[in-house]
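Let me begin by presenting the structure, written as structure tokens, before commenting on it.
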Amino acid sequence: MKIKHLVSGIALSMGASVLSISAMAADTIKVGVLHSLSGTMAISETTLKDTVLMMVEEQNKKGGLLGKQLEAVVVDPASNWPLFAEKTRELMTKDQVDVIFGCWTSVSRKSALPVLEELNGLMFYPVQYEGEESSKNVFYTGAAPNQQAIPAVDYLMNDLGVKRWVLAGTDYVYPRTTNKILEAYLKAKGVAAEDIMINYTPFGHSDWQSIVSDIKSFGSAGKKTAVVSTINGDANVPFYKELGNQGISSEDIPVVAFSVGEEELSGLDTKPLVGHLAAWNYFQSVESDANDAFISQWKAFTGNPDRVTNDPMEATYIGFKMWTQAVEKAGTTDVDAVEQAMIGQETENLTGGMAYMNKNHHLSKPVLIGEIQDDGQFEVVWETEGVVPGDAWSDFLPGSKDLIADWTAPISCGNYNTVTKTCSGQNY
Amino acid sequence: MRYINAICACLLGLLISTSVLAASPSEAQQPLLLELTEVKLNKALPVLQQLETTEGADMLALFKTMLNGDLYYEKETRRLIAALKEQSVTRYSDLFSGEVLSDLSKKQVRKIKVNNKLRGYLGEAIARMQLNHPDSAVRKDAVRSLFSDLGSNTITLIRDARLKEQSRSVQEAMDVALALYRARHAEEATDRLQAIKDLEGSLEPEVRNQLTQLAENDPSRSVRKAAQTGLDKIDQQAEMYGFINQLFFGLSLGSVLLLAAIGLAITFGVMGVINMAHGEMIMLGAYTTYVVQLMLPNMIEYSLWIAVPLAFMVSGLAGILIERLVIRHLHGRPLETLLATFGISLILQQMVRTVFSPLNRQVATPDWMSGSIEINPLLSLTLNRLYIVAFALLVFMILLIVLKKTSLGLNVRAVSQNRDMAKAMGIRTDRVDAMTFGLGSGIAGIAGVALSQLTNVGPNLGQAYIIDSFMVVVFGGVGNLWGTLVAAFTLGVANKFIEPVTGAVLASILVLVFIILFIQKRPKGLFPQKGRAAE
Amino acid sequence: MSSLLSNFMSFSRINGDSKVAPFVVVLLVVTALASSCNLLMPEDSVFYVSTYTITLLGKYLCYAMLALAVDVIWGYCGILSLGHGAFFALGGYAMGMYLMRQIGDRGVYGNPELPDFMVFLNWSELPWFWQGMDQFWVAMLMVLLVPGLLAYLFGWLAFRSRVTGVYLSIMTQALTYALLLSFFRNEMGFGGNNGLTDFKDILGFDLQSDNTRVTLFIITALMLSGLLVLSKKIMQTRFGKVIVAIRDGESRARFIGYRTENYKVWLFVYSAMIAGIAGALYVPQVGIINPGEFSPINSIEIVIWVAVGGRGTLVGAIIGAILVNYAKTKFTAIMPDGWLFALGAMFVLVTLYLPKGLMGLVAQLKDRQLQNVNNRPNDKAEEGHA
């Protein structure tokens, strides 16, 4: 009998939560925030949640949007990938949000994607990623490989005269794709196969002795050598420590990283790292009025003068600005209208210049290369002449070189094959 | 490492140079110096080169300051300024006169940027200027750092310096440099042959590269053959040193495993408690190190020595608390202790997240632990690993002594062998339990101090080691400290010897599978406990 | 001897109290109600149950099935497996492979033969272990066979050499950890960290339609009820009684002449298969399977569901799983930081104060009631141990 009570109790409370949906009125515009607040990814994602909240607050101070106030709905997918799908559904059906800002890892995005496409939602994804995707329902405001990896390699090749390459990464999809693209790119540039060393390590790898010693002997062959690192998160600290201890300095073998930003450096003693590189679209150290304002706003919002800003935060910032502009242009928060209004939107980068939303739902942004300084910041040593348009499908992968994404009529397709003139893999 | 050494030397030099100062700028260099403040980063190299050729060693202070990224200029007057950073305060002084410019603010100065290319050049230029440095170690490093770029200018400098050189080891290095140059540029095959002969015995990577080139491309057959012979000799040596290196890697991984597991060997092995919160005890130790460094920012060099006893106390007390509050009530129900301590581990992790933030914390490595000892160009042992191997063994010995020679140890062994009998003999078993658990946890805390030097200090630190720790203890045989020692080093070395063949991931999988199979064969581990205590 | 007897008494007592039949009835009624409210009611109705709720309930039921699997071996045979997540994930992967193959040429690269992640790793043909997975029956066979075989192999090795108790728990944990590392590797051919996702349909039914979702939910509920009844029946047979005897005194059972390792192996295989089925039903409902499911923490969490509900009661395990997960859903929404504190405290408090879980608490309360009414001496129901 007790059990019966329990079960019916559960059923009742579920019913109650269903009830509450219909009771809610639509006098605010709801902004869903889908970032992990607990679990392994909380380290990175909590920052982005706060960024969205800050932007919402600022927008509301300006009088909201379309005459309505914005309301942030925060959920916690807890770094659990299936939960990303579940929470997306919750945001879409239970809370009925108009837009979602969220996800960090590729797998979380892949998990949320089918739900977004099924329910025709709108999501802004603010992290650099491996490309090979363009969904009608997602705008990618982080860097695609051609906006990070390829310019970085160009810099190393042309400015530092690097001839030998170590592609080291954590074994998951982003490093795999990036390294594949880079390998094809380097070979196209005439680098011999024996001058490329590829190495994958598991998540959180902590014992780097053998690998660093391999890199060292690979690099002592008389040609200038560099490491292109797609090593993720936690594994970086022991990696750089081992580099320092084995006496590999940035002049000997520079390491250019795509996943190490200001936030990651804040947990690190950067003295042995000075001179190693990172490629991003944004660095906190860039001097511009917009950036100064953003940094002081962030420090005030978090109440912590030591908080740093980073690239995914800028991507969130740009995404949010563009979304508000698109909503104003469309005059509604309706997903289809906003989606079309988004294309061609322009907004100011924090590093100066304008970011532009392309037809493939990726941004045109400048690419910066920075050297790590002893204060945990980067110093820009190189940047692209103009902006680089994000490429959804890499030209250097055999499977995707014929594919393009174009969300305007008449193609309106995320993966359109320019040879066979067909569109495949769409869920809408 | 030679650059590191050079940089260290420069750091030292900087202290001297900023106080002793360089000569004031000559007429000729003024426009160049001015240009340095204006030129773009990728155009700065020629300016520096010109400075070196016209001014030579007078530019040492400038180059060193620039290499350290401490070179600034005053926006208004364009004069060069050296910055001296002390903690959070930056002091500026005129680069040439040394005059302290206390009224300059951050807004009035701008940094002269350096990138890797410039750093590389500056390092070499400084090395060239330091060929006559009074310290022979500096001279030797200077020569060695020039191996990779032996132009005719450099060679002339080295040749001159060689005539005056007194120190034997510096002479040798210089001879290698000269021979390298001849091997590369000599017209006559006999000269090249002689150069190859002179290079014999040197293990420098540049020598190897030069020989490879000669063996492949030299027009003379006899040179090719001589180079190949030399190359074979080096490769033979390289193989041997590679083996030693791998062994060292294995031992150092083993010592990390030993440190992580040894506390567990006590709580699990002696007391029979499955302490899933063991990893968090390690984490507490690591955070203690962080707090110590935070409290005493001026004593980074000694921080570890202060942290070791503190970490022992923090983790030990936490252990005693856990034992008194929870584990005591679960006596004789090992599987339940597993669940309860797992709950505790979750609470501790979340507590750390709340108190210290989920971000990893920065723990600095003292200078005496950074870098490596170079035994020869092919073999260098990293200092931090070396210390940790020694430290792990030290902890092990102390623990052994505690268990074998003290009354606490006697009690612990008595209780673990026969609790009821020990009780009957008047031993206060519950007190012994608490002390044992505290001891095991405290040791875990000490391990945390060591691990803070190798890996991330964050809430997930403990999780990363818990499974490995259990594997080591189970593999070695529960209740046997020596077993833990042997198991840790066996697994460490095995892992490092498999890794080059299979890659890091597969190596750890293989080791796991091996342990699983091994335990099926010998359920009590390598060194099973014998006698009645075993049941 | 007396403890064995009293244990047996308490077992049969609690078993008698566990009321499998009423529970199954309640479960099926709730399922039927929820399903029909989703399909038949209009969306703005008060009684409408959203698809979100349906998938959530479906997920809880899969977890409940997993808890059932753990309870069968832990509650009845004293084998504490800290690696049951592995069997769950393997079942899930088998189902995921079938669903991947069903995508056919609708993948992003439009390759009719290869799943997207293989195209992108430049693989030219399907690896051998993917062959045949486009057939539903093959996949379903694998859902049972793969976890079953692994459990048989592991159990045969472990139980034969009498690896018991704590050692066994740690070994199961090592097993799932090794699998976690393996499945993370992209070379393994299971999609690495991203796992398998972007499923389109199952047996030709669109996975995104409400009908399919509700059907999957109903199948899960039916399966759970079926397995619950089956497990109960098994425990009432001679086989089940030997199992309980092994739990309470393995050496004694062995001395009497039972080949205890055989009993344990087969129970372990049965339990692993239940976990595999749970995984197979889980994947189409949540839409993704990835190596995270192998992580040792997940497996330990399953154990706590069982402990909260009350082990050795079957129904208790199911209730525990549903309750803890419901609490988790609610808790993480309200205060994400607090969840781990709550979960941790639950572990400690349940092991300290509720060794028999909620079901034990219910039984205890009932005993007290009886005592008050009849003023009878306490018959010490709570003294059993595993």
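Any read-out appearing in this document is the output of simple, stated calculations on the displayed coordinates, not a laboratory observation. Quick caveat, the model's predicted, so the values are computed rather than measured. Here the Cβ positions follow ideal geometry from the backbone for every residue, glycine too, while neighbour counts run over all protein chains shown.
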Quiz item: Can you give the angle from 0 to 90° between the axis of helix A:311-330 and the longest principal axis of chain A, with both taken from C-alpha atoms, to the nearest 10?
Solution: 40
Exercise. With a ≥ b ≥ c taken as the square roots of the eigenvalues of the C-alpha gyration tensor of segment B:240-534, please select rounded if a/c is under 1.5 and otherwise prolate if a/b is larger than b/c or oblate if it is not?
Key: oblate
Exercise. Kindly rank B:457-467, A:392-402 from highest to lowest mean number of other beta carbons found within 10 Å of each residue.
Key: B:457-467, A:392-402
Exercise. Compute the signed sum of charges (Lys and Arg +1, Asp and Glu -1) over the other residues within less than 14 Å, Cβ to Cβ, of residue A:389.
Key: -3
Quiz item: Which ³J(HN,Hα) values, rounded to whole Hz and listed in residue order, are derived for segment A:293-298 from phi using the Karplus coefficients 6.51, -1.76 and 1.60 in 6.51 cos²θ - 1.76 cosθ + 1.60 with θ = phi - 60°, glycine and proline given as x?
Solution: 5, 4, 5, 6, 4, 5
Quiz item: Measuring from label point to label point, each 7 Å out along Cα→Cβ, what is the residue C:134 to residue B:401 span in nm?
Solution: 7.1
Quiz item: Projected onto the charge dipole of the protein assembly as shown (+1 at Lys/Arg Cβ, -1 at Asp/Glu Cβ, origin at the Cα centre), which of A:208, A:260, B:109 gives the Cα projection farthest towards the positive end?
Solution: A:208
Quiz item: Rounded, prolate or oblate: which one fits segment A:149-257, using the alpha carbon gyration tensor with axes a ≥ b ≥ c (rounded when a/c is under 1.5, else prolate when a/b beats b/c, else oblate)?
Solution: oblate
Exercise. Rounding to the nearest 20 debye, state how big the charge dipole of the protein assembly as shown is about its Cα centre with +1 on each Lys and Arg Cβ and -1 on each Asp and Glu Cβ.
Key: 5660
Quiz prompt | Fluctuation leader among C:65, C:235, C:273 - chain C, Gaussian network, Cα springs under 10 angstrom | solution = C:235
Quiz item: Looking at the protein assembly as shown, what % of its DSSP beta bridges pair antiparallel, to the nearest 5?
Solution: 55
Quiz item: Can you pick out the pairs among A:223/B:225; A:189/A:216; A:223/B:140; A:224/B:106; C:330/C:366 whose Cα atoms lie more than 27 Å from each other?
Solution: A:224/B:106; C:330/C:366
Quiz item: When the gyration tensor of the protein assembly as shown is built from Cα positions, what are the square roots of 5 times its three eigenvalues, in whole Å, from largest to smallest?
Solution: 56, 40, 29
Quiz item: How long is the gain from residue B:368 to residue B:111 if the chain were fully straight, where each residue apart is worth 0.36 nm and the alpha carbon distance is subtracted?
Solution: 89.5 nm
Practice problem: Please identify, among A:66, A:113, A:48, the residue showing maximal mean-square fluctuation in a Gaussian network model of chain A using a 10 angstrom Cα cutoff. | Solution: A:66
Quiz item: So how strong a dipole does segment B:146-219 carry about its Cα centre when Lys and Arg Cβ are +1 and Asp and Glu Cβ are -1, to the nearest 20 debye?
Solution: 200
Quiz item: How much mean residue ellipticity at 222 nm does the protein assembly as shown get from its helices, if each DSSP H run of length 4 or more adds -39500 (n - 2.57) and you divide by all residues, to the nearest 500 deg cm²/dmol?
Solution: -19500 deg cm²/dmol
Quiz item: Mind checking the angle between helix B:334-356 and chain B's longest principal axis? C-alpha axes, 0 to 90 degrees, to the nearest 10.
Solution: 40
Quiz item: Which semi-axis lengths, in whole Å and largest first, follow from the square roots of five times the eigenvalues of the Cα gyration tensor of segment B:419-535?
Solution: 31, 21, 10
Practice problem: Amide H neighbours of residue A:415 under 5 Å, at least 5 residues apart or on other chains, H built in the peptide plane: list them. | Solution: A:424
Practice problem: Treating cross-link reach as a plain straight distance, find the lysines whose alpha-carbon is under 21 Å from the alpha-carbon of residue A:421, omitting any fewer than eight places away in the same chain. | Solution: A:136, A:359, A:401
Quiz item: Mind checking the dipole of segment C:51-152: about its Cα centre, +1 per Lys or Arg Cβ, -1 per Asp or Glu Cβ, Debye to the nearest 20?
Solution: 240
Self-check item: Reach of residue B:40 by Cα under 19 Å, taken over lysines that are not fewer than 8 positions away in the same chain
Solution: B:75, B:111, B:113, B:117
Quiz prompt | Listed residues C:36, C:81, C:299, most fluctuating in chain C (Gaussian network, C-alpha, under 10 Å) | solution = C:36
Practice problem: Compare the Cα positions of B:163, B:389, B:129 along the charge dipole of chain B (+1 at Cβ of Lys, Arg; -1 at Cβ of Asp, Glu; about the Cα centre) and return the one farthest towards the positive end. | Solution: B:389
Practice problem: Could you point to the residue in B:436, B:463, B:494 farthest towards the positive end of segment B:395-512's charge dipole, with +1 and -1 charges on the Cβ of Lys/Arg and Asp/Glu respectively? | Solution: B:436
